[in-house]
Amino acid sequence: MQEVEVTKSLTSTMKKSTWKIPKSILYPSVTLLIILIIWEICGRLNLIDPFMFSWPSKIFTEAVAFFISAEVFTHLAVSGMEVGIGFAMALIGIPIGLAMGYWKNLELAFDPFVTALYTTPMIALTPLFVLWFGLDTLSKVMMVFALSIFPILINTMSGVKMTDPSLIKAARSYGASRGQMFKEVILPSAIPFIITGIRLAIGRALIAVVVAEMLAGNKGIGYAIRHASELFQTAQYLAYVAVLMVLSVLLTELLKLFEKKIAPWRNL
Amino acid sequence: MIIVKTKTPILKFDNLNVIYNEGQPNQVHALKNVSGEIHEGEFISIIGPSGCGKSTLLHTLDGLLKPTSGTISINGSEVHGPDENRAMVFQDFALMPWQTVYDNVAFGLRLAGKKDKDIRDKVLHYIKMVGLEGFEHKYPHQLSGGMKQRVGIARGFAVEPKVLLMDEPFSAIDEQTREIMQEEVLKIMLNEKKTVIFITHSIDEAVFLSSRIILMSVRPGQIVDEIKIDIPYPRTLETKALPKYQEYKQTIWDHLKGEVRRQYKKGEA
């Protein structure tokens, strides 16, 4: 313990003498800044055709415009609701995955189909979903659900199966019943896998909602992107893409915080 | 010692046979007609060449493994699976990574359905016993190997078993820490007057800790000899310098050498 404290105080004195911002934030920020500057210079030197592409200051101006007009918020609200409902439904993959990981026969019966559905580019089903569930919210919700349930289900299942056998042995030795085994050993050991599944599912959910909105709809970020591109408003179009990018990074970071909260034993 | 002998044994096992994959071509006869009696307060080490079935024997005694034939009884009543009379300390610690030191030590008591407020004092007592005071809220990944096994030992003690089963508990711990742990375990055993069955492949460890050593043969595992270690407790690291201590080590080593040679001839080592 003494050693640990010595190294702690050492690093803190080192920090004071050099940088206050941690490297994990500083380094990528510098990289990003350099890329943006070069990109911007290329734009200002007329190396970029504004019809084909755009550059940071133009994109930023467009973003400011749709934030001021609050247009972006109406689109975000619609897309957010669709993702929210579809994703909440997809969480049913957790209990299904737990069951399939626990009962070998269930896995044998359903695993090939789950794998097939997971690996199929289900985004190709969007037109069919529009046909079934209409041009409105429901078709998007169902697309989000269909794309995000499988990574959650599959990861939950492998989490259960990856439970360390020596922990199961220990629990058995200390007299765990079936239910206790599940609650005390299997579920907690599957949690990191469930979180990974959710992280993968977030990416797929965003793809689903954007593609579905692009294909059919008159609201939402996907629609806004399509609309801007049809009018050759390339800068505005890229500004919406940037909003999506920021959103998915935020969601992922939020999930990391959540994971730290519910799985503090993991060395993140 | 004579008084102890006349008492009924705390743990008795009779004609244990364990056969894996019985009736199949890959059948393995792991234990053959293993019988023995363990008395209260004894520190028994089981030693033998690798693959001799010592771990199998311990798992069977715990109830994790059902013997193919034979019986185990504790204080006269027959054993059918794990129960609160025996607790196990594992070679790979087997601590729940998502539980703090406190929760890991409380593990067995919680499984037995006891409320946290009822077990608190007991859990803290055993954490203190293994010298982990102040580490109650740490997670296993924040501890060294030696500290992890202290948690494992405290978890075993916390359920207050009649017999503590230890499956090569120090083999994953570095040499220096191991010697310290051996001394501490002895101290704790004397204080708590616990009966212990200890699996090891280290002759030195077996002689240092045990009141009696059970020697096992190569597969199929059988008990081939028992050696009483007549060195009074408490033992310290100075005990290891006694001529008697060295003699015991030599005797056991000679015996094991023969067994390992036999294993070589069978082409298994």
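Computed from the coordinates by the stated procedures, all read-outs in this text should not be read as laboratory data. Remember, it's a predicted structure, so these values are computed and weren't measured experimentally. Cβ atoms come from the backbone with ideal geometry, glycine included; neighbour counts cover every protein chain shown.
Straight-line reach only, C-alpha to C-alpha below 22 angstrom: list the lysines that A:Lys140 could link to, leaving out same-chain residues fewer than 8 apart.
A:Lys219
Viscosity 0.692 mPa s, temperature 37 °C: give me the Stokes-Einstein translational D for the protein assembly as shown in µm²/s, with Rh taken as the Kirkwood radius over C-alpha pairs.
Value of D from the Cα-based Kirkwood radius: 116 µm²/s.
Quick one: helix B:145-158 against the long Cα principal axis of chain B, what's the angle to the nearest 10°, folded into 0 to 90?
It is inclined by approximately 80 degrees.
What FRET efficiency comes out for B:Ala172 versus A:Thr120 if R0 is 45 angstrom and r is the Cβ-Cβ distance? Round to the nearest 0.05.
For B:Ala172 and A:Thr120, the calculated efficiency is 0.50.
For segment B:92-107 and segment B:173-236, what is the centre-to-centre distance using only Cα atoms, to the nearest Å?
Computed from Cα coordinates, the inter-centre distance equals 25 Å.
For segment B:131-247, how many pairs of lysine residues have a Cα-Cα distance under 28 Å, where the two are 8 or more positions apart or belong to different chains?
23
Using +1 on the beta carbon of Lys and Arg, -1 on that of Asp and Glu, and nothing else charged, what's the dipole of chain B about the Cα centre, debye to 20?
Charge dipole of chain B: 200 debye, to the nearest 20.
To make sure I understand the rule: partners must be lysines, Cα under 17 Å from the Cα of B:Lys115, and not fewer than 8 residues away in the same chain. Which ones qualify?
Cα-Cα hits under 17 Å: A:Lys183.
Per residue and in cubic angstrom, what volume does the convex hull of the Cα atoms of segment A:109-224 have?
116 Å³
Please turn the phi angles of segment B:89-95 into ³J(HN,Hα) values with the Karplus equation 6.51 cos²θ - 1.76 cosθ + 1.60 (θ = phi - 60°), one per residue in order, whole Hz, x for glycine and proline.
10, 9, 4, 9, 6, 6, 8
Can you pick out the pairs among A:Lys23/A:Lys161; A:Lys23/A:Lys260; A:Lys260/B:Lys122 whose Cα atoms lie more than 27 Å from each other?
A:Lys23/A:Lys161; A:Lys260/B:Lys122
Average partner chain C-beta neighbours within 10 Å, per residue of A:157-170?
3
What residue among A:Val144, B:Ser202, A:Phe133 has its Cα farthest toward the positive end of the dipole of the protein assembly as shown, where the charges are +1 on Lys, Arg and -1 on Asp, Glu, each on the Cβ?
Comparing the listed Cα positions along the dipole, B:Ser202 ranks first.
Would you pull out the residues with amide H under 5 Å of B:Glu42's amide H, same chain only if 5 or more places away, H placed 1.01 Å from N?
Result for B:Glu42 returns B:Val196.
Using only the Cα atoms of segment B:114-269, build the gyration tensor, take square roots of its eigenvalues as a ≥ b ≥ c, and label the shape rounded, prolate or oblate: rounded if a/c is under 1.5, else prolate if a/b is larger than b/c, else oblate.
Verdict is prolate for segment B:114-269.
Dipole size in debye (nearest 20) for the protein assembly as shown around its Cα centre, Lys and Arg Cβ +1, Asp and Glu Cβ -1?
Using Cβ point charges on Lys, Arg, Asp and Glu, the protein assembly as shown gives about 340 debye.
Out of every Cα-Cα pair in segment B:134-200, what percent are more than 19 Å apart?
Within segment B:134-200, distances greater than 19 Å cover 32 percent of Cα pairs.
Taking 7 Å along the Cα-to-C-beta vector as the label spot, tell me the A:Leu255-A:Leu108 distance in nanometres, rounded to one decimal.
Reported label-point gap for A:Leu255 and A:Leu108 is 3.3 nm.
Once the piece of chain linking A:Ile92 and A:Met162 is laid out straight, how much longer is it, given 0.36 nm per residue of separation minus the C-alpha distance between them?
23.2 nm is the gain from fully extending A:Ile92 to A:Met162.
Could you give the angle, 0 to 90 degrees to the nearest 10, between helix B:175-192's Cα long axis and the longest principal axis of the Cα atoms of chain B?
Value to nearest ten degrees: 80.
Write down the Å³ per residue value for the convex hull defined by the alpha carbon atoms of segment B:19-81.
Hull volume normalised by residue count: 96 Å³.
Defining a contact as two alpha carbons under 8 Å apart and six or more residues distant in sequence, what relative contact order in percent does segment A:67-262 show?
Reported relative contact order: 27 percent.
At a 10 Å Cβ-Cβ cut-off, how would you order A:Thr74, B:Thr239, fewest neighbours first?
The order, fewest Cβ neighbours first, is A:Thr74, B:Thr239.
How much FRET efficiency would the formula 1/(1 + (r/R0)^6) give for A:Leu33 and A:Ile262, where r is the Cβ-Cβ distance and R0 is 41 Å, rounded to 0.05?
0.75
From the square roots a ≥ b ≥ c of the eigenvalues of the alpha-carbon gyration tensor of chain A, which class results: rounded (a/c under 1.5), prolate (a/b over b/c), or oblate?
Oblate, because a/c is 1.5 or more while a/b does not exceed b/c.
Return the FRET efficiency for the residue pair B:Lys265, B:Arg120: r is the Cβ-Cβ distance, R0 is 45 Å, and the value is rounded to the nearest 0.05.
0.20
So what is the relative contact order for chain B, in percent, with contacts set as C-alpha pairs under 8 Å and at least six apart?
Reported relative contact order: 25 percent.
For B:Glu84, B:Glu238, what ranking results if the residue with the fewest other Cβ atoms within 10 Å of its Cβ goes first?
So the ranking, lowest neighbour count to highest, is B:Glu238, B:Glu84.
At 222 nm, what helix-only mean residue ellipticity would the protein assembly as shown give, in deg cm²/dmol to the nearest 500, using -39500 (n - 2.57) for each DSSP H run of four or more?
About -18500 deg cm²/dmol.
Angle, helix B:116-129 long axis vs. longest principal axis of chain B, Cα atoms, 0 to 90°, nearest 10?
60 degrees
Looking only at other chains, what is the average number of their beta-carbon atoms within 10 angstrom of each beta-carbon in B:95-108?
Mean inter-chain Cβ contacts per residue within 10 Å come to 4.
For segment A:220-230, what does the Karplus curve 6.51 cos²θ - 1.76 cosθ + 1.60, with θ = phi - 60°, yield as ³J(HN,Hα) per residue in whole Hz, taken in order and with x for Gly and Pro?
Karplus values, whole Hz, x for Gly and Pro: x, 4, x, 5, 4, 5, 4, 4, 4, 6, 5.
Return the sequence-ordered ³J(HN,Hα) values of segment B:130-143 in whole Hz as given by the Karplus equation 6.51 cos²θ - 1.76 cosθ + 1.60 applied to θ = phi - 60°, using x for Gly and Pro.
Values per residue, Gly and Pro as x: 8, x, 10, 4, x, 10, 3, 9, 7, 9, x, 5, 8, 10 Hz.
Put +1 on the Cβ of every Lys and Arg and -1 on every Asp and Glu Cβ in the protein assembly as shown; which of A:Leu257, A:Ile221, A:Thr120 then has its Cα farthest towards the positive end of the dipole?
Positive-most Cα among the choices belongs to A:Leu257.
Report, largest value first, the span of the C-alpha coordinates of chain B along each principal axis, in whole Å.
54, 47, 40
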